Amino acid sequence: MAIALTYLERWPGAPRTRCPSSTGRRYRLTYAKVHTCEWDVESALTPGDGFNVCDLNTARGPVKIGCMICFDREFPRALAC
């Protein structure tokens, strides 16, 4: 099982939206939203700089996982890893 949640992270200049994914007591993947919206308070946030992936070990073997937050889904070519 993996658990992911989002929160605003303090960052130099302006905060950013971050999503760490955890398996047990260890973070396996951290990700910051890359495509921030330009029309709301979110336009003041610092965007992330890439799409990370990691292996999640399952009963059937490892599975590659990644994260995306909200508006990032509008840019599917950027998600190809």
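The values are calculated or read from the model by the stated rules, or taken from the named source; none is laboratory data. Worth saying up front: this structure is predicted, and the values here are computed from it rather than measured. Neighbour counts run over all protein chains shown; Cβ positions are idealised from the backbone, glycine included. Just the protein is used for accessible areas: all its heavy atoms, side chains included, with ligands, DNA and RNA removed. Shrake-Rupley method; radii C 1.70, N 1.55, O 1.52, S 1.80 Å.
List every residue pair whose Cβ atoms lie under 8 Å apart, where the two residues are 6 or more positions apart in sequence or sit on different chains, the first residue falls within segment 36-54 and is among the small types (Gly, Ala, Ser), and the second residue, located anywhere, is exposed (fewer than 10 other Cβ atoms within 10 Å of the Cβ).
Cβ pairs passing all conditions: none.
Would you check which residues across segment 4-20 are β-branched (Val, Ile, Thr) and open to solvent by 50 Å² or more (accessible area, probe 1.4 Å) and list them?
If the condition is that a residue be β-branched (Val, Ile, Thr) and open to solvent by 50 Å² or more (accessible area, probe 1.4 Å), then Thr6 is the only one that fits.
Checking the conditions here, which among Thr23, Thr46 is at negative phi, of a type in the set (Ser, Thr, Tyr) and modelled with pLDDT of 85 or more?
None of the other options fit; the residue is Thr46.
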